[in-house]
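Report on the following structure.
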Amino acid sequence: MVNEVFDSNWIAPLGAMVCGFEQDLVKYTGAGHAATLSSGTAAIHLALVMLDVQPGDYVICQSLTFSASANPIRYLGATPVFVDSEAETWNMCPEALEEAVVGCVEGRMQKTGAGRDLSGKERDSRKAGRPKAIIPVHLYGMPAKMDEIRAVAEKYDIPIIEDAAEALGSRIRDIMCGNMGDMGILSFNGNKIITTSGGGALLSDDQALMKKARFLATQARDPAPHYEHSEIGYNYRLSNVLAGIGRGQMKSIDERVAQRRFNYTFYHNLLKDVPGISFLPEPEGFFSNRWLTTIQVDPEKSNGITRETIRLALEKENIESRPLWKPMHLQPVFTGYPYFGHTVAEKLFDNGLCLPSGSGMSDEDRERVGACLMKVTNSTAC
């Protein structure tokens with residue numbers, strides 16, 4: 001498909017492969033429309049722009065996520081309001097979400113001090129106002145509790161920007177991630193389930209909204225024979241070459257999901273009986289692409305073995321693993337922004353580890369990682 005692009009001499013921007021890739025995404029996710037963009041971050045930024053997010057507005061965002069979920073809020077000068085996770089999926093807690101919405105509307109904002117003062121005794125003096133958007137995230141491919149989150153959003157009439165960057169191929173019942181909010185975003189970064197090296201997509205059933213997105217993403221050029229611009233635009237569209245890579249990878253998306261889920265099954269079978277190590281199971285009706293296999297390590301049950309004990313043992317064998325995302329309300333760049341919830345996200349970060357999970361892992365790779373895990377846990381499990 002990339003050769004087809006070069007043969008056509010239509011490299012960038014746009015072209016037949018971009019249109020084809022968007023059609024592939026619509027068919028796979030069930031969304032009404034798709035616009036392929038330069039990154040998932042660009043998709044979130046564009047979604048916020050189309051919702052008319054202005055300086056000082058509130059946007060609610062899941063705290064346990066990668067910074068790309070929250071950074072576009074600050075691009076626009078808006079105020080991120082972070083929400084804790086719930087323990088069942090590790091994603092946005094619907095109860096804390098409603099507390100955050102009410103706090104915004106009534107102007108009762110909790111000061112976090114980068115994770116401190118979670119009791120809410122200190123209050124922020126920010127203005128009151130209904131949030132402009134809610135950004136839940138399907139963390140590590142596990143769908144968030146979207147039924148409950150949508151119920152809160154509909155109750156207060158707040159649009160949902162569904163961050164499905166890590167969740168292409170995941171679903172709740174028969175609804176695919178990326179197609180559960182007012183707008184959904186995907187990422188095709190190099191570490192995702194499929195990749196265009198860099199890229200992303202915006203999904204929505206709203207045709208007018210998607211027409212506006214494409215307009216803004218191509219520098220907001222007005223229909224005129226000369227270059228005429230009546231709005232600020234962005235250079236956010238995906239190239240025809242990268243779309244060709246994406247189309248090729250969409251042909252094997254089911255295989256890639258199966259490979260990631262196989263990794264999870266391998267690790268689960270290996271470690272399920274090891275004291276202190278636990279996994280994130282799928283709630284009933286949920287299907288995760290298992291983009292990354294993650295574990296929690298409880299040192300009180302593991303004879304003192306911690307997340308770091310395992311990570312450093314793997315590192316010594318030149319095997320990369322990483323802690324879970326550090327919650328946004330603990331990040332220096334977001335110090336002092338409002339936070340609602342308790343300490344679920346913090347505890348997940350303290351004890352959580354992402355294991356090697358690439359689609360291309362061989363049996364030899366898995367056995368090598370497994371042997372190191374068995375050694376560090378002093379386990380006799382198979």
What is the one condition in (1) surrounded by 13 or more Cβ atoms within 10 Å (Cβ to Cβ); (2) touching a Gly at 6+ places or on another chain (Cβ under 8 Å); (3) within 30 Å of V81 (Cα to Cα) that G336 does not satisfy? (1)
Name the one entry in E282, E346, E315 that is among the acidic types (D, E), in contact with a Ser or Thr (Cβ under 8 Å, 6 or more places away or on another chain), at pLDDT 95 or above and closer than 22 Å to P136 by Cβ. E282
Criterion violated by A243 - all others in (1) in the same structural domain as V344 (by TED's automatic domain parsing); (2) touching a strand residue (DSSP E or B) at 6+ places or on another chain (Cβ under 8 Å); (3) surrounded by 15 or more Cβ atoms within 10 Å (Cβ to Cβ) satisfied: (1)
Among the numbered criteria (1) within 21 Å of V5 (Cα to Cα); (2) in contact (Cβ under 8 Å) with a residue 12 or more places away in the chain; (3) surrounded by fewer than 19 Cβ atoms within 10 Å (Cβ to Cβ); (4) not polar (S, T, N, Q), which single criterion is violated by F215? (1)
Among residues belonging to the range 270-287 that are in contact (Cβ under 8 Å) with a residue 40 or more places away in the chain and part of a strand (DSSP E or B), point out the one that is farthest from T195 (Cα to Cα). I277
Among the residues of the range 9-66 satisfying the criterion of being assigned to a helix (DSSP H, G or I), touching a helix residue (DSSP H, G or I) at 6+ places or on another chain (Cβ under 6 Å) and of a type outside the set (A, V, I, L, M), which is surrounded by the most Cβ atoms within 10 Å (Cβ to Cβ)? F21
In the range 77-110, the residues that are surrounded by fewer than 19 Cβ atoms within 10 Å (Cβ to Cβ) and outside any helix (DSSP H, G or I): G77, A87, E88, G107, R108
Of all residues in the range 128-164, how many are outside any loop (DSSP other than H, G, I, E, B), touching a helix residue (DSSP H, G or I) at 6+ places or on another chain (Cβ under 8 Å) and of a type in the set (A, V, I, L, M, F, W, C)? 9
List pairs: first in the range 289-314 and assigned to a helix (DSSP H, G or I), second surrounded by fewer than 20 Cβ atoms within 10 Å (Cβ to Cβ) and hydrophobic (A, V, I, L, M, F, W, C), Cβ under 8 Å, 6+ apart or cross-chain? T309/V376; I310/V376; A313/C372; A313/V376; L314/C372; L314/V376
Determine whether the range 344-352 contains at least one residue that is surrounded by 14 or more Cβ atoms within 10 Å (Cβ to Cβ), among the β-branched types (V, I, T) and under 30 Å from G103 (Cβ atoms). yes
Could you tell me which of the residues C354, C372 is within 23 Å of P136 (Cβ to Cβ) and either without any contact (Cβ under 8 Å) to a residue 60 or more places away in the chain or not small (G, A, S) (or both)? C354
Taking Y267 as the residue in question, decide whether it is over 30 Å from E148 (Cα atoms), of a type in the set (S, T, Y) and not in a loop (DSSP other than H, G, I, E, B). yes
Under 7 Å between Cβ atoms, which residue pairs at least 6 apart in sequence (or on different chains) link something in the range 134-156 that is more than 21 Å from Y339 (Cβ to Cβ) and without any contact (Cβ under 8 Å) to a residue 40 or more places away in the chain with a partner that is assigned to a loop (DSSP other than H, G, I, E, B) and hydrophobic (A, V, I, L, M, F, W, C)? M146/M180
State all residues of the range 67-76 that are crowded, with 21+ Cβ neighbours inside 10 Å and part of a loop (DSSP other than H, G, I, E, B); if no residue qualifies, say none. A70
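The values are calculated or read from the model by the stated rules, or taken from the named source; none is laboratory data. As the structure is a computational prediction, the values presented were derived from the model and not from experiment. We place every Cβ from the backbone using ideal geometry, glycine too, and count neighbours over all the protein chains shown.
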